[in-house]
Amino acid sequence: MRPPLPYDRIVSDVSQMSRESQGCMELMRRFGGYLKAALLIEEVIIKEQSVGQRFSPADEIAMNTGKPYVDNGLSEYSASELIGYLNRGFKCCAILPVAAYGRRFGTVTLLSMSEEGFGQDIMNNLILATNLVNSEILAKYEREKSLSVAKYFDAAFNNTFPQFLIDSEGYVIKANKPALNYFDRTPKDLVGTAIRDVLSMNTGLFERILKGEAVESEGTGHPNKRFRIRPARVSESLMHLMVEDVSDAEDARERAEMVDATRNEVFMILDDKFEILWSSSGSDSIFGVQNTMLSGKRLTDFVLSSTKLQETLNALAPGSRYAGGIRFNFGNEMDIYARMLAYGSSGRFYCIISKDYERYVKSLEGLPGGIIALTNDPMIEIDGAGYIISYNKAAESLLELDRSVVGTPIYQMYADNESQNKITASLNIVKANGSISDVYVNVVRHKSQGVLPCVQTIKSVPGETGGISKFLIMNRELATKRKLEELGEKLEQELKEVEKLKTESDLKSQFIYNISHDLKTPITNIMGFSKLLLTDSPESLSKEQRDYIQIIYDESERFLQLVKQILDVAKLSSGIVKLDLQEVNFSKIKDNPSIKALAEACTNKGLGFTWDVDYDVPEITADPNRLIQIFSNLIGNSIKFTENGGINVRVSKKKGSVKVEVTDTGIGISKEDRPKIFKKFYQLRRGLIKQEGSGTGLGLSIAKEIVNLHGGRINVDSEIGKGSTFWFTLPTAPKIRKKALKYSKS
């Protein structure tokens, strides 16, 4: 491979490419071609974010970190997306990120058939060139973005809101048709006019607009009108303004704030189909229904004489009002008499509803005990002196009341002095004002003597000759609400703990992955220099020295394979592997270079090797590179533990799946070892002595993870001294675990 290029040559070449390229992607493709020619490499692959190409986890790592992803020794233990390059004969690869300041454009992958093709000197050159190209591409992107923004505003001007383009001094450059129509201007009148004159803005408001803040302003020549102005900066000298008439919304907001402050009235906004767009919180105390439950419902569905109300509201002209009595029923078996004030506007109705307590009380007096027996709210009736007269079914259930409480003072139902003082003060207020709401007290349950937190509403009932004849106390318990809040807090805490444990697990897997990945470079260097000593200067070394160096090389190679296996285990366990699903033909897999190498290893050891595929075995959807990895581990294990006979691979069809069997005539596996054979780092032992030729104990666990990711099963049948059959099944249609579909977050 050509020596590294001088830095000044790189700067000059990248600048020339940038000038000759029309856009970001053209520059990116030119850059890939330039590197292929300059470094004499065999292939360059360009992946572009803008065209929706699929990125591998290695691509994601490069773009997210902004650093090249380099594998100078492709092997079966490389990342799965890189194994395909190995099977095509490439020995090393480098993935360069095309990304800058959080903006990702894609990757440039360099593939070489030379070993150790991307050394440190070459990578220094590549990093410099990539950074220069990233800066040029970002600059081109910003220019393209500015043109797109200009086109966007041309399109946006066609919508129905009044819009303006103004310069940095606040003068109108352009206005759309709705703006001209709304403010009754012609382009000649409006262009060049100060926007402050059009929208009645003082200096303070205009300065806020220049800062990008949304403001509200009254329009000149439009009494009682308010406009919300939303600015968006296009460039240093150009600002886009969108103007919305919020007069009705402002009026509604003021009414809502006034009414929402009291629980004795409900404020509602309806659309032209009488659907409730918004309701104040008073609906809870008046209707017994949370305001959030009313949103989206038609108010007329809860009115007993809805036809008459619809006709009345439809006849309202904008700005006119209606006032009258309405009878509601919100599905809680209780009619509510209320007074309603409706205000008409364009396409909306604003309603204020207050309870008509006089009619409500009169409706109660005809019922047994003066209480609505079927209402869901617990209610207690007391006389003017504070003694219990009656109660309804809801109070009997919630407060555990029985007939013995009738005639007893209401004060004994309260659990503490503070609650008793509250009820005394509340009754005095009701005598003067007629009602009181939101009295928080602790009530004693009559039978169990348990304490129940409640919020009470107390109303006075006038007598026939004047004065107050009795009081109604409505209770709403808070214990359930508090319990739910406590459970919610507990659940939230547990979810945080789960997330913490998950994060710690992810960090642990990521730590193992990072450490193992970082170990590859020094090991590769040790192997490279060892090989260099053995091949380039054999005459200068004694036989003993060569033997030592060979040991260094062999042990480094074994250590490198261990690191690669640990990397694979970490990726498979943490779910950062993404399967590359393709149609797989088992008859063609035997022609793969890795399988041929294993067959040759059998021949060299004096073992037979056969590959049989039944005639009816279909193609399946799977990751071919990962399947090669499974075969490499299973066949490789059989070669290690077989001295005589041979190894047979047989593929057969099963219902909805394909079964693969790898059978050998080796030493076999004991009944005790079989359940543990697929665990990480587990190695076969005979007695206390580890078997000669055993590996790291990771190969079978890796094979199991890959089979599981495909939705299949793997197991072994074996006896000591009679060989082993490792088998696995794969579904013909993929049943991929969710874990297999996740990208790495690193």
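Of the residues contained in region 441-449, none is found to be open to solvent by 30 Å² or more (accessible area, probe 1.4 Å) and under 20 Å from residue 265 (Cβ atoms). Within region 610-633, being in contact with a Gly (Cβ under 8 Å, 6 or more places away or on another chain) and open to solvent by 60 Å² or more (accessible area, probe 1.4 Å) holds for one residue alone: 610.
Would you confirm whether or not region 230-238 contains a residue that is within 27 Å of residue 271 (Cα to Cα) and either within 38 Å of the chain's Cα centre (by Cα) or at pLDDT 75 or above (or both)? Scanning region 230-238 turns up at least one residue that is within 27 Å of residue 271 (Cα to Cα) and either within 38 Å of the chain's Cα centre (by Cα) or at pLDDT 75 or above (or both).
Looking at 419, 460, 437, which is the one that is in contact (Cβ under 8 Å) with a residue 40 or more places away in the chain, open to solvent by less than 40 Å² (accessible area, probe 1.4 Å), of a type in the set (S, T, N, Q) and under 26 Å from residue 286 (Cα atoms)?
437
Taken over region 42-92, the residue count meeting the criterion of being part of a strand (DSSP E or B), over 34 Å from the mean Cα position of the chain (by Cα) and surrounded by 22 or more Cβ atoms within 10 Å (Cβ to Cβ) is 1. Apart from one condition, residue 91 fits all of (1) closer than 26 Å to residue 27 by Cβ; (2) charged (D, E, K, R); (3) free of Cβ contacts under 8 Å to residues at least 40 places away in the same chain; the exception is (1).
In this structure, is residue 588 over 20 Å from residue 75 (Cα atoms), basic (Lys, Arg) and at pLDDT below 90? Answer is yes for this residue. Of the residues making up region 693-720, those that are more than 17 Å from residue 653 (Cα to Cα), part of a loop (DSSP other than H, G, I, E, B) and at pLDDT 85 or above number 2.
Scanning region 14-32 for residues that are part of a helix (DSSP H, G or I) and out of contact with any strand residue (DSSP E or B) (no Cβ under 7 Å at 6 or more places or on another chain) yields 14, 15, 16, 17, 18, 19, 20, 26, 27, 30. Among the candidates 317, 338, 385, the residue that is more than 30 Å from residue 446 (Cα to Cα), open to solvent by 40 Å² or more (accessible area, probe 1.4 Å) and either small (Gly, Ala, Ser) or modelled with pLDDT of 75 or more (or both) is uniquely 317.
Of 189, 167, 121, which residue is open to solvent by 20 Å² or more (accessible area, probe 1.4 Å) and either in contact with a Ser or Thr (Cβ under 8 Å, 6 or more places away or on another chain) or modelled with pLDDT under 80 (or both)?
Residue meeting the stated conditions: 167.
Return only the number of the condition from (1) open to solvent by less than 90 Å² (accessible area, probe 1.4 Å); (2) aromatic (Phe, Trp, Tyr); (3) at pLDDT below 85; (4) touching a Gly at 6+ places or on another chain (Cβ under 8 Å) that residue 728 does not satisfy. Against the list (1) open to solvent by less than 90 Å² (accessible area, probe 1.4 Å); (2) aromatic (Phe, Trp, Tyr); (3) at pLDDT below 85; (4) touching a Gly at 6+ places or on another chain (Cβ under 8 Å), residue 728 comes up short only on (3). Considering the conditions (1) modelled with pLDDT under 80; (2) in contact with a Ser or Thr (Cβ under 7 Å, 6 or more places away or on another chain), residue 293 is excluded by exactly one of them, (2).
How many residues, within region 591-609, are more than 20 Å from residue 640 (Cα to Cα) and surrounded by 13 or more Cβ atoms within 10 Å (Cβ to Cβ)?
1
Within region 620-641, which residues are within 13 Å of residue 595 (Cβ to Cβ) and in a strand (DSSP E or B)? Within region 620-641, no residue meets the criteria. Just one of the listed residues (684, 634) is of a type in the set (A, V, I, L, M, F, W, C) and at pLDDT below 90, and it is 684.
Please enumerate the residues belonging to region 649-671 that are open to solvent by less than 40 Å² (accessible area, probe 1.4 Å) and not acidic (Asp, Glu). Residues satisfying the conditions are 649, 651, 652, 657, 658, 660, 662, 666, 668, 669, 670.
The values are calculated or read from the model by the stated rules, or taken from the named source; none is laboratory data. The structure displayed is predicted, hence computed values, not measured ones. Methodologically, a virtual Cβ is constructed for each residue, glycine included, from the backbone with ideal geometry; neighbour enumeration extends over all protein chains shown. The protein model used for the area step is the full one, side chains on, heavy atoms only, and it has no ligands, DNA or RNA in it. Shrake-Rupley method; radii C 1.70, N 1.55, O 1.52, S 1.80 Å.
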